[in-house]
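The values are calculated or read from the model by the stated rules, or taken from the named source; none is laboratory data. The shown structure was predicted, so the numbers you read here are calculated from the model rather than taken from an experiment. We place every Cβ from the backbone using ideal geometry, glycine too, and count neighbours over all the protein chains shown. Surface accessibility is based on the protein's heavy atoms, side chains included, excluding ligands, DNA and RNA. Shrake-Rupley method; radii C 1.70, N 1.55, O 1.52, S 1.80 Å.
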Amino acid sequence: KSKNNGAGQYRFFTSDMNDEVSKKLMLESGLRKGMISEEFLLYYQPQVDVLTGEVKGYEALVRWEHPELGMVPPAEFIPLAEETGLIVPLGRWILQEACRQMAAWKEEGSTVTRMSVNISTLQFQQPDFLKMVTEILETTGLPPEYLELELTESIVQDLEHSVPLMKSIRAKGIRISLDDFGTGYSSLSYLKDFPINTLKIDKTFMDSIEDGQREEAIVESIIHMAQRLGFNVIAEGIEKCSQLRLLSEKACQEYQGYYFSPPLPAEAIRVYKGQKDEERTS
Ligand code: C2E
Ligand code: MG
Ligand code: MG
Ligand code: MG
């Protein structure tokens with residue numbers, strides 16, 4: 001009896017595992033093929049001024065239109081691309097495409113002056129990382145001040161490597177933001193050493209901002225601290241008007257979130273040429 005059960009469980013377990021493993025293998029081999037057959041594309045999410053509703057920047061977010069699986073979210077393939085090293089060529093393509101698009105919008109007369117691009121750990125560790133970025137800026141003609149690299153706390157953990165590299169990036173005029181702030185392990189004391197322009201408060205804080213006075217106090221403190229350190233502050237994942245109202249009370253500069261707009265394909269991005277938000281919706 002126990003043998004049957006055991007076998008049954010074992011079969012069940014392996015079939016689950018096989019699903020997992022085969023999906024992983026499918027994604028892994030698909031990544032390489034996907035790059036060649038141009039299955040990747042970028043979506044752009046506006047970063048908006050809390051007070052005026054003006055679009056200040058865009059965050060480029062990669063999407064994978066898999067021929068069989070449909071849209072695969074980045075949370076599923078970015079870690080795989082990291083493991084396999086494919087994030088290096090993929091990340092270069094993402095940067096190239098985001099800079100090309102921003103330069104094109106600038107040509108069209110867009111008043112938006114910032115394109116934020118997520119950088120992964122392995123990419124940041126490449127010895128020629130900064131050279132790669134500056135070459136892309138040169139070939140696309142995008143001014144360095146228009147580019148903001150989004151780094152997470154985990155990427156910059158190794159201070160001996162990251163702080164000098166961040167300084168070299170800044171010396172070229174390229175901007176840096178610290179993404180998902182508050183979810184990593186880095187100590188607050190590191191913040192004073194980071195030559196960053198922007199601090200992005202993670203969505204988890206925004207999800208709980210209306211839960212109580214403590215949650216609200218934490219967000220307020222992060223905003224004030226960041227501003228005292230001279231950083232631009234962006235709140236991530238704003239979905240409701242009430243959250244936005246709280247942010248404006250706390251004098252947070254910018255936000256990103258479904259409340260204003262989800263990430264959109266380039267064709268759906270309206271190029272702002274000095275119009276205000278009110279005119280945008282009319
Ligand atoms: P992230 O950099 O923190 O990006 C913000 C994520 O929050 C995006 O998810 C965005 O679609 C989502 N988001 C924005 N506003 C809202 C909101 O109001 N509500 C909710 N529920 N979500 C919102 P996405 O595009 O799925 O990307 C997830 C993560 O994958 C990113 O987090 C980033 O870590 C990574 N990623 C995305 N694109 C790239 C890329 O081009 N390169 C690298 N290295 N990583 C990327
Ligand atoms: Mg980001
Ligand atoms: Mg983030
Ligand atoms: Mg995040």
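Kindly flag which residue pairs out of K167/K192; K56/K250; K106/K167 have an alpha-carbon separation exceeding 24 Å in this structure.
K106/K167
Using the scaling law 2.2 N^0.38 Å as the reference, what is the normalised Cα Rg of the stretch 175-260?
The stretch 175-260 yields a ratio of 1.01.
To the nearest 10 square angstrom, how much accessible area does V271 have with a 1.4 angstrom probe?
20 Å²
Loop only per DSSP, at most 14 neighbouring Cβ atoms within 10 Å: give me the chymotrypsin sites (Phe, Trp or Tyr not before Pro) in the stretch 163-241, ordered by residue number.
Answer in residue order: Y185.
Helix 87-107 against the longest principal axis of the chain: what's the angle in degrees, Cα atoms only, rounded to the nearest 10?
30 degrees
For the chain, the longest stretch holding no GluC sites (Glu not before Pro) located in a DSSP loop with at most 10 other Cβ atoms within 10 Å is which?
The reported range is 109-282.
Per the Kirkwood definition applied to all pairs of different Cα atoms, how many angstroms is the hydrodynamic radius of the chain?
20.5 Å
Report the residues of the stretch 153-174 in range of a label on D193: point 7 Å along Cα→C-beta, backbone N strictly under 11 Å from it.
Label zone hits: 157-164.
Do you know the relative contact order of the chain, to the nearest whole percent, from alpha carbon pairs under 8 angstrom that are 6+ apart?
19 percent
Using a 1.4 angstrom probe with every protein chain in place, what is the largest-first accessible-area order of C241, C252?
Solvent-accessible surface, decreasing: C241, C252.
So how far apart, in nm, are the two label points at T111 and M26 if each is 7 Å from Cα heading toward Cβ?
Label-label distance for T111 and M26, simple model: 4.7 nm.
Can you return the aspartates and glutamates within cross-link range of K24? Criterion is Cα-Cα under 18 Å, with same-chain partners fewer than 8 residues away left out.
Cα-Cα hits under 18 Å: D16, E39, E65, E68, E76, E82, E83.
With every protein chain kept in the model, how would you rank I78, I218, I234 by accessible area, 1.4 Å probe, largest at the top?
In descending accessible area the options line up as I218, I78, I234.
Modelling each spin label as a point 7 Å along the Cα-to-Cβ direction, I'd like the L264/E138 distance in nm, to one decimal.
3.5 nm
For the stretch 35-92, go through all pairs of different Cα atoms, get the mean of 1/r, take its inverse, and jot down that Kirkwood value in Å.
13.1 Å
Compute the acute angle (0 to 90°) between the alpha-carbon long axis of helix 129-140 and the principal axis of greatest extent of the alpha-carbon atoms of the chain; round to the nearest 10°.
Between helix and principal axis, roughly 60 degrees.
If I stretch the segment between D158 and T183 completely, what's the gain in nm (0.36 nm per residue apart, minus their alpha carbon distance), one decimal?
Difference between extended and current length: 7.3 nm.
Which distance in nm do the two modelled labels at E83 and D49 give, with both placed 7 Å along the Cα-to-Cβ direction?
Modelled inter-label distance: 4.5 nm.
If you rank R114, R214 by how much accessible surface each has, with a 1.4 Å probe, what is the order from largest down?
Solvent-accessible surface, decreasing: R214, R114.
So how tilted is helix 2-36 from the main axis of the chain? Cα-based, degrees 0 to 90, rounded to 10.
50 degrees
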